[in-house]
Amino acid sequence: MEETTKPHLVLIPWQGSISHIIPMTDIGILLASHGAAVTIITTPANAPVVQSRVDDRATPPRGGVGITVTAIPFPGAEAGLPEGRERLDLLRSPADVPRFFAANKRFGEAVARHCLGGASLPPCRPTCIVAGMCHSWALGLARELGVPCYIFHGFGAFALLCIEHLFKHRPHEAVASPDEPFDVPVLPSFECRVSRRQLPPHFSPSTSMGGGPLQEIRDFDVAVDGVVVNTFEELEHGSAALLAAATGRKVLAVGPVSLSHSPSLDPETMSEDARRCMAWLDTKASRSVAYVSFGSAGCMPPAQVMQLGMALVSCPWPVLWVVKGADSLPDDINKWLRENTDDADGVADTKCLVVRGWAPQVAILAHPAVGGFLTHCGWGSTLEAVAAGMPMATWPLFAEQFINERLIVDVLGVGVSVGVTKPTENILSASKTDGSKAEAEAEVGMEQVMKALERLMDQGAEAEERRRKAQELKAKAKGALEEGGSSYVNLENLIQSFV
Ligand code: UDP
């Protein structure tokens with residue numbers, strides 16, 4: 001293929017969360033491995049995350065054009081944000097959230113200047129734009145360029161299908177209380193029972209995001225030409241096709257995108273945290289370790305951290321526990337963590353290894369010593385666990401994670417529910433008017449965590465059946481990205497239909 005005729009896909013990840021940046025970068029890597037030219041546009045503080053993932057990819061770009069990472073300044077200061085606050089997890093309080101969205105609008109104007117060729121910039125003309133879910137400005141840009149615009153939400157197809165159903169049929173408005181479970185009947189053979197409290201922020205516009213941005217996101221979602229989803233068609237019981245039928249848009253399942261990487265185990269290039277985790281896992285017996293992580297920024301109230309921690313140090317399995325936001329935990333909890341776990345020097349006989357930084361999750365899930373994953377059901381983590389054939393214990397925190405839990409436990413049969421009923425407050429779900437952090441109680445007691453871990457790590461028939469199903473999905477996940485597989489074909493479709 002001549003370079004001039006190559007499709008050029010411009011990917012603009014939603015910079016609000018690292019968990020959106022990671023899979024969109026991986027999509028870029030997969031598209032380049034199929035021979036497309038790819039530009040990933042992000043902000044300066046996030047560009048190193050993208051560039052290091054691009055450098056770490058498993059396969060070289062076909063045709064040698066590869067991936068350009070472009071950093072466009074984030075106009076945070078103009079919206080009243082301090083320098084460098086280019087992701088939601090870097091904000092100081094819920095009051096900064098509207099400023100972040102205001103800055104994102106200006107960022108969109110700067111991206112448009114870049115793509116259309118401003119006075120000082122060479123144009124970056126795409127044949128297709130794939131934009132993160134909050135970049136509603138990308139649609140106008142795509143229309144101006146006369147190219148298709150795809151959206152990437154970071155959610156799975158089942159969750160997107162449920163969200164579509166909720167928007168259209170509004171079953172949550174028919175229940176009397178926020179805790180009353182109701183069904184979201186999107187798959188013929190399964191119930192999806194959730195409560196209003198457990199729904200994503202789209203359905204509670206009193207959050208710190210406010211109704212304005214939420215409505216803009218919905219309008220964008222409805223108007224785009226198609227949806228790119230990090231999933232594979234064989235996984236979610238036809239959800240991608242049902243979503244396409246329900247919305248009239250193309251839905252392209254192109255995952256699991258984490259398979260664009262083979263986890264790097266080179267001690268020379270690994271971070272100190274990663275080295276510590278992998279060296280510790282190497283000393284553990286096969287499938288003996290419970291891995292516990294709540295995503296890129298998932299935090300819990302201090303009382304809940306204590307209940308979880310007490311379960312993790314007293315259960316019979318070695319535990320690798322990733323703790324985010326430890327700096328904002330009270331001193332007594334940090335003291336307890338230091339005294340009861342190893343969170344500094346990583347000695348081989350430690351029962352519970354705590355990582356306060358960034359854990360190499362994909363490599364951890366692929367390690368033979370890991371036997372189960374206690375997860376918050378973020379979609380990135382869910383799909384990484386599926387790709388690794390790993391059974392899960394589910395502890396959703398917020399967003400669409402309660403819906404993902406239903407998929408993992410009831411539909412796929414690869415998870416055990418911890419039994420959380422209420423979402424955990426975060427910077428987006430905090431009330432618009434009251435930014436103060438409520439002193440939340442622990443909903444889940446130590447015994448409840450222990451019970452879920454016992455079922456997850458057990459050797460009995462029920463647990464073995466979950467493991468068998470998880471291994472079956474792992475094989476299907478790998479097959480989807482191989483030549484002729486469903487995700488492989490969808491990547492080709494995304495590239496070829498717009499040449
Ligand atoms: N992740 C990681 N190390 C960490 C924490 C998170 O590699 O210490 C990665 C994880 O592998 C996944 C992403 O961050 O790719 C988290 O995405 P997910 O959708 O699961 O959750 P979110 O961060 O959006 O809550």
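Taking a ≥ b ≥ c as the square roots of the eigenvalues of the Cα gyration tensor, the chain is classed as rounded, since a/c falls below 1.5.
Listed by chain and number, the lysines whose C-alpha is less than 24 Å from the C-alpha of residue 105, apart from same-chain residues fewer than 8 away, are 432.
Close amide H pairs (under 5 Å, H built 1.01 Å from N) link residue 253 with 229, residues at least 5 positions away or on another chain.
When Lys and Arg each count +1 and Asp and Glu each count -1, what net charge do the other residues less than 11 Å away from residue 29, Cβ to Cβ, add up to? Every neighbour counted, the sum reads -1. Whole-Hz Karplus values for the stretch 216-223 come out as 4, 5, 5, 4, 4, 4, 6, 8 Hz, taken residue by residue from phi with 6.51 cos²θ - 1.76 cosθ + 1.60 and θ = phi - 60°; glycine and proline positions read x. For the stretch 272-477, treating each Cα as an identical point scatterer without solvent, what Debye log10 I(q)/I(0) comes out at q = 0.09, 0.12 1/Å? Debye output, listed in q order: -0.31, -0.57. Annotation: amide H-H contacts under 5 Å for residue 128 (H modelled 1.01 Å from N, sequence separation of 5 or more, or interchain): 8, 10. Per residue, the chain reaches -11500 deg cm²/dmol at 222 nm when only DSSP H runs of four or more residues are counted, each adding -39500 (n - 2.57). Amide H contacts under 5 Å for residue 352: 319, 342, restricted to partners 5 or more places along the chain or on a different chain, H placed in the peptide plane at 1.01 Å from N.
Couplings for the stretch 242-253, taken from phi via the Karplus curve 6.51 cos²θ - 1.76 cosθ + 1.60 with θ = phi - 60°, read 5, 5, 4, 5, 6, 10, x, 10, 5, 10, 10, 8 Hz in order; Gly and Pro are left as x. Taking a ≥ b ≥ c as the square roots of the eigenvalues of the Cα gyration tensor of the stretch 93-139, is the shape rounded (a/c under 1.5), prolate (a/b larger than b/c) or oblate? Oblate, because a/c is 1.5 or more while a/b does not exceed b/c.
Here the Karplus curve 6.51 cos²θ - 1.76 cosθ + 1.60, taken at θ = phi - 60°, turns the phi angles of the stretch 470-484 into couplings of 5, 5, 4, 5, 4, 5, 5, 4, 5, x, 4, 8, 6, 3, x Hz, with x standing for Gly and Pro. Sorted fewest first by neighbouring Cβ atoms within 10 angstrom, 258, 314, 417 come out as 314, 417, 258.
Judged by the ratio a/c of the largest to the smallest principal axis of the C-alpha gyration tensor, the stretch 27-82 counts as prolate, that ratio being 1.5 or greater while a/b is larger than b/c.
Of all DSSP bridge pairs formed entirely within the chain, close to 5 percent run antiparallel. Arranged from fewest to most other beta-carbon atoms within 10 Å of their beta carbon, 271, 204 become 271, 204.
Here, each number is a calculation from the coordinates, and none is a lab measurement. The shown structure was predicted, so the numbers you read here are calculated from the model rather than taken from an experiment. Backbone-built Cβ (ideal geometry, glycine too); neighbour counts: all protein chains shown.
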